[in-house]
Amino acid sequence: MSLAAHDRSLNAGTSAIRSTPVGLVLFALAMGGFAIGTTEFAAMSLLPYFSAGLGIDEPTAGHVISIYALGVVVGAPLIAVLAARVPRRTLLIGLMTVFAIGNDLSAMAPNYHWMLAFRFLSGLPHGAYFGVAALVAASLSPPNRRAQSVARVMLGLTIATILGVPAASWMGQVLGWRSGFAIVAGLALLTVLLIGLYAPRDRVQPGASPLRELGALKRRQVWLTLATGAIGFGGLFAVYAYLASTLMAVTGASPALVPVVLAVFGLGLTLGTLFAGWAADRALVPATAGLLLWSAFWLAAFPFASGNIWAVSLVVFMIGSGGGLGAMLQTRLMDVAEDAQTLAAALNHSAFNTANALGPWLGGMAIAAGYGWTSTGWVGAALALGGLAIWIVAVIDARR
């Protein structure tokens with residue numbers, strides 16, 4: 001019996017599952033993703049405002065965004081290991097409570113150094129929340145719908161790029177930057193309430209321990225899957241990080257059009273995640289390879305389309321659709337992690353935050369070297385092909 005099937009057998013007898021529609025559980029879990037996605041992406045648009053409010057320059061304020069990502073990378077494996085014997089429902093409530101506190105404190109930060117500490121705290125629950133939420137979603141679904149359930153949880157984050165980020169940014173401009181973080185704290189508390197109401201009450205799995213979770217680190221397939229995401233997903237971020245600047249400097253778009261194109265990206269991300277879940281449930285291995293190849297193609301098309309607002313909007317939509325890779329790799333980790341499910345699932349989001357750092361860094365190097373704003377497309381295509389190469393190695397290794 002697979003680990004996912006084992007989880008289903010453990011949970012199937014609980015009254016919570018019998019009395020609560022699965023859709024409501026997935027909605028509650030996705031609300032947490034919506035809160036996380038809102039704060040992760042809105043912080044970038046609020047940067048000019050909180051830098052002025054805290055009396056620091058914008059490059060220094062950028063460290064506030066980086067420290068959040070560091071919190072994700074550190075917190076995901078640490079929490080997954082230390083909380084190995086905590087029921088998943090309880091853990092999800094605890095993680096969202098800490099996330100709410102971190103964002104509420106961020107809204108009240110008196111200076112730059114406290115802001116760094118509070119953003120690090122806010123980032124700690126990020127990866128572990130998504131990892132555990134994905135495991136809960138998969139445990140409620142039949143084997144042929146696991147990836148679609150995981151994708152529905154991830155939809156919270158993707159929809160945040162369409163609705164949550166613009167709303168938080170608008171609030172930051174009209175009511176002050178602190179309100180942008182305060183609204184995220186409110187969303188997190190709403191998630192705590194929804195999970196408390198709808199998530200199934202589960203039991204700790206027999207034999208669960210920090211040592212067993214650490215066993216994931218011994219498995220080559222886990223590392224290869226994580227590396228696929230850390231490299232392959234970097235291409236999307238290489239373009240996204242400099243998209244606003246490219247639109248204004250190369251496309252000649254007005255500042256008012258930039259949020260529209262960013263929303264188009266979010267729409268592509270949302271639809272791509274839905275499709276990726278459907279495809280992964282039918283043929284996970286070839287679908288993942290195909291999506292990485294798809295991403296490489298559209299990333300390479302970005303430099304050619306950047307001169308026209310309609311063409312670049314189409315390409316940005318297609319690039320966003322490549323974001324469905326997250327749901328695919330999350331599902332793959334459930335298959336290869338054996339009895340160390342929580343750590344492997346949480347590490348997936350450490351890998352994606354590594355991509356979030358790697359892509360913009362390499363893209364920035366290309367721009368600084370004089371290759372122009374559109375060179376991020378070539379960097380992104382190379383990273384997507386690098387992820388594809390690692391995936392091919394993983395598939396070959398798994399067949400030995």
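The values are calculated or read from the model by the stated rules, or taken from the named source; none is laboratory data. Everything quoted here is computed from the prediction, not taken from an experiment. Glycine gets a Cβ as well: all are built from the backbone with ideal geometry, and neighbour counts include every protein chain shown. All accessible areas refer to the heavy atoms of the entire protein, side chains included, with ligands and DNA or RNA removed. Shrake-Rupley method; radii C 1.70, N 1.55, O 1.52, S 1.80 Å.
At a glance:
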read-out: Radius 12 Å from Cβ of residue 90, net charge of other residues (Lys, Arg +1; Asp, Glu -1); value: +4
read-out: Dipole axis of the chain (+1 Lys, Arg; -1 Asp, Glu on Cβ), positive-most option in 63, 21, 351; value: 21
read-out: Accessible area (Å², per residue) of the chain, counting only protein heavy atoms and a probe of 1.4 Å; value: 39
read-out: For region 22-133: relative contact order, % (alpha-carbon pairs under 8 angstrom, 6 or more apart); value: 35
read-out: Among 319-332, 162-175, the order from most to least packed when residues are scored by Cβ within 10 Å on average; value: 319-332, 162-175
read-out: Relative contact order (%) - the chain, alpha-carbon pairs under 8 angstrom, separation at least six; value: 26
read-out: Cα-centred dipole magnitude for the chain, charges only on beta-carbon of K, R (+1) and D, E (-1), debye, nearest 20; value: 1000
read-out: In Å, descending, principal axis extents of the Cα set of region 272-355; value: 50, 28, 17
read-out: Alpha carbon Rg of region 159-249, scaled by the compact-globule rule 2.2 N^0.38 Å; value: 1.65
read-out: Formal net charge of residues neighbouring residue 73 (Cβ-Cβ distance under 14 Å; K, R +1; D, E -1); value: 0
read-out: Tail weight of P(r) past 39 Å, computed on alpha-carbon pairs of the chain, percent; value: 13
read-out: Residue 197/residue 369 FRET efficiency (R0 41 Å; Cβ-Cβ; nearest 0.05); value: 0.15
read-out: Bins of 5 Å, starting at 0 and running to the largest distance - Cα pair percent for region 92-186; value: 3, 14, 17, 20, 19, 12, 8, 5, 2, 1, 0
read-out: Given charges at beta-carbon only (K, R positive; D, E negative), |dipole| of region 159-295 in Debye; value: 440
read-out: Region 203-329 - Rg and Dmax from Cα coordinates, angstrom; value: 18.0, 60
read-out: Kyte-Doolittle at least -0.5, axis length at least 30 Å by Cα - qualifying DSSP helices, the chain; value: 22-54, 58-82, 112-139, 177-198, 258-305, 341-366, 375-398
read-out: Surface share of carbon and sulfur [accessible, 1.4 angstrom probe, percent] for the chain; value: 71
read-out: Region 351-400, Rg to Rh (Cα coordinates; Rh as Kirkwood inverse mean 1/r); value: 1.14
read-out: Helix-only CD estimate at 222 nm, as mean residue ellipticity for the chain, using -39500 (n - 2.57) per DSSP H run (n ≥ 4); value: -27000 deg cm²/dmol
